[in-house]
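Input: a single structure, listed below in structure tokens.
The values are calculated or read from the model by the stated rules, or taken from the named source; none is laboratory data. On a predicted model such as this, the values are computed, not experimentally measured, just so you know. Backbone-built Cβ (ideal geometry, glycine too); neighbour counts: all protein chains shown. Quick note on the areas: whole protein, heavy atoms, side chains included, nothing else; ligands and nucleic acids left out. Shrake-Rupley method; radii C 1.70, N 1.55, O 1.52, S 1.80 Å.
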Amino acid sequence: MSHQNELEPWRQGIRDIDAKILELLAERMQLAQKIGSYKQKHNLPVKDFRVEKQIIEKSRDQAAQLGLYPSLAEDLMTTIIKYSVLRQDELKRKSVTMPAGLGQEAVVIGGGGQMGQWFAQFYESMGFSVSVHDPDSATEHNYPLVQDLASSINNFDLIVLATPMTATDDILKKLIDLKPRGLIIEICSLKSPVIDSVLEAAAQGLRIASIHPMFGPDAELLAGKNIIFCTAQNLVSEEVMQLHFQQTSAQLITLDLQEHDRVMSYVLGSSHLINLLYAGVLSDSGESLQKLKSMGGTTFLQQTHVTGKVVAENQDLYYDIQALNDETPMLLQEFQTLLDAYRHAIEEKDRKAFRKLMGRAQTFFGD
């Protein structure tokens with residue numbers, strides 16, 4: 001008997017199990033659709049981040065008991081939840097019924113933008129009645145529009161600033177003058193452009209939080225996502241963390257407001273810049289990307305995958321992340337110094353110097 005014949009019964013068993021898995025997924029999706037229909041009928045939000053967290057934690061525990069990798073269970077359930085949410089969201093988008101929005105009132109300034117829409121949906125899921133103020137946006141959505149923000153600002157318990165970094169500081173200054181009663185949350189990717197106004201608002205007694213969601217508007221789920229809560233005297237960022245995000249499955253991190261942009265110069269600035277430089281080198285090579293990929297090894301294919309996602313992002317946002325960070329000049333100098341060191345080691349055929357540079361990096365990544 002050949003090896004293929006001996007293996008065939010086991011392979012057929014796997015195929016049978018795969019078919020059953022798909023059948024169970026279809027059954028689960030039907031149940032998710034029924035839940036979506038119920039939510040639509042009763043004007044309930046599609047997303048429930050607390051339920052998401054419970055499902056993932058329970059799946060990890062069960063996987064460990066079954067001798068499976070908990071990370072496998074988390075990845076599997078995250079994907080399943082994602083498509084369940086998408087199915088429910090499809091039902092909701094077909095509905096013309098406005099959400100009931102029971103609970104406190106929230107306004108998302110800049111709510112017509114992609115990140116603004118994400119926060120509108122999130123706070124709707126938290127029980128807020130959400131409105132949007134974004135006079136420059138033509139985006140269609142189901143949230144009530146606030147035309148005159150100044151005259152209605154005290155109607156809101158929560159004010160979220162999902163506005164470009166270049167505009168947020170002026171909005172904060174206007175809010176300082178208006179002295180709203182509601183909690184203010186700004187979500188800028190950098191704090192240099194807004195830090196003075198944030199601290200001034202807090203000093204004048206406004207309840208303000210400074211946070212930084214480390215994900216984009218395409219985040220369907222919060223599992224595996226980081227949210228930074230910037231702390232400083234009189235800021236209420238940690239209160240927001242406890243009240244609004246503690247029940248989600250996101251990783252919640254506190255960081256001193258004054259430290260934020262220095263850290264972001266490495267977390268955002270350096271990672272963006274490296275990928276932009278890499279993309280520029282490839283695009284100037286004279287070779288097609290398809291040709292390069294056809295010959296690429298593991299490192300090349302993984303790197304080009306990441307780089308492709310970076311270069312597809314918003315050009316103005318990525319410019320702002322570099323240009324508006326007061327720490328960027330120091331970062332650029334560090335890049336230049338290290339590039340010069342590698343260049344010298346390579347041109348001088350100095351193996352020892354090259355190994356020292358690479359060894360230092362290996363030590364860092366080995367921690």
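Using a probe of 1.4 angstrom, how much of the accessible area of the chain is carbon and sulfur, in percent? Don't skip to the answer; put the middle values down first.
Values: 12100 of 22310 Å².
Using a 1.4 Å probe with all protein chains present, the chain comes out at 54 percent carbon and sulfur.
Relative contact order, percent, of the chain when contacts are C-alpha pairs under 8 Å separated by at least 6 residues? Mind showing how you got there, number by number?
Working: 458 pairs, mean separation 40.3, N = 367.
Contact order relative to length: 11 percent.
Within the set Lys34/Lys58; Lys34/Lys225; Lys41/Lys179; Lys191/Lys293; Lys53/Lys309; Lys179/Lys309, which residue pairs have Cα atoms separated by over 30 Å? Kindly include the intermediate steps, with their values, before the conclusion.
Working: Lys34/Lys58 22 Å; Lys34/Lys225 28 Å; Lys41/Lys179 38 Å; Lys191/Lys293 38 Å; Lys53/Lys309 27 Å; Lys179/Lys309 41 Å.
Result: Lys41/Lys179; Lys191/Lys293; Lys179/Lys309 exceed 30 Å.
Just one of (1) 302; (2) 214; (3) 165 is volume of the Cα convex hull per residue in Å³ as worked out from the coordinates here. Which one is it?
(2)
Applying 1/(1 + (r/R0)^6) with R0 = 45 Å to the Cβ-Cβ distance of Thr139 and Glu8, what FRET efficiency is obtained, to the nearest 0.05?
So, using R0 = 45 Å, E works out to roughly 0.25.
Taking amide H positions as placed in the peptide plane 1.01 Å from N, state which residues far from Gln251 in sequence (5 or more) or on other chains have amide H under 5 Å from it.
Gly224, Lys225, Asn226, Ile227
So, for the chain, what is the accessible surface per residue at a probe of 1.4 Å, expressed in square angstrom? Don't jump to the answer; show the numbers that get you there.
Numbers: 22310 Å² over 367 residues.
Using a 1.4 Å probe on heavy atoms only, each residue of the chain averages 61 Å².
Where does the Debye-calculated log10 I(q)/I(0) of segment 21-180 sit at q = 0.10, 0.12, 0.17 Å⁻¹, using only Cα point scatterers of equal weight, no solvent?
Values returned for q = 0.10, 0.12, 0.17 Å⁻¹ are -0.48, -0.65, -1.01.
Could you run the Karplus curve 6.51 cos²θ - 1.76 cosθ + 1.60 with θ = phi - 60° over segment 269-283 and give me ³J(HN,Hα) per residue in whole Hz, x for Gly and Pro?
So the Karplus estimates, Gly and Pro as x, are x, 5, 5, 5, 5, 4, 5, 5, 5, 4, 4, x, 4, 5, 5 Hz.
Over what distance in Å are the Cα centres of segment 244-318 and segment 202-243 separated?
23
How big is the Rg/Rh ratio for segment 16-84, C-alpha atoms only, Rh by Kirkwood, two decimals? Don't skip to the answer; put the middle values down first.
Numbers: Rg = 13.6 Å, Rh = 13.3 Å.
Reported Rg/Rh (Cα atoms, Kirkwood Rh): 1.03.
Sorted from largest down, give the three principal axis spans of the alpha carbons of segment 190-327, whole angstrom values.
59, 33, 19
Could you compute how much accessible surface Trp118 exposes when probed at 1.4 Å, giving the result in Å² to the nearest 10?
In the full protein context, Trp118 sits at about 10 Å².
Just to make sure I understand: if all protein chains stay in place, what is the order of Val263, Val107 by accessible area at 1.4 Å, largest first?
On the way: Val263 40, Val107 0 Å².
From most exposed to least exposed: Val263, Val107.
I'd like the Karplus ³J(HN,Hα) series for segment 192-208: coefficients 6.51, -1.76, 1.60, θ = phi - 60°, whole numbers in Hz, and an x wherever there's a Gly or Pro.
3, x, 10, 4, 5, 5, 4, 5, 5, 4, 5, 5, 8, x, 6, 7, 9
Looking at segment 139-189, which trypsin sites (Lys or Arg not before Pro) are DSSP coil and have at most 16 other C-beta atoms within 10 Å of their C-beta? Please report the intermediate quantities before stating the final value.
Details: sites: Lys173, Lys174, Arg181; in loops: Arg181.
In loop regions of segment 139-189 (DSSP not H, G, I, E or B), the sparsely surrounded trypsin sites (Lys or Arg not before Pro) are Arg181.
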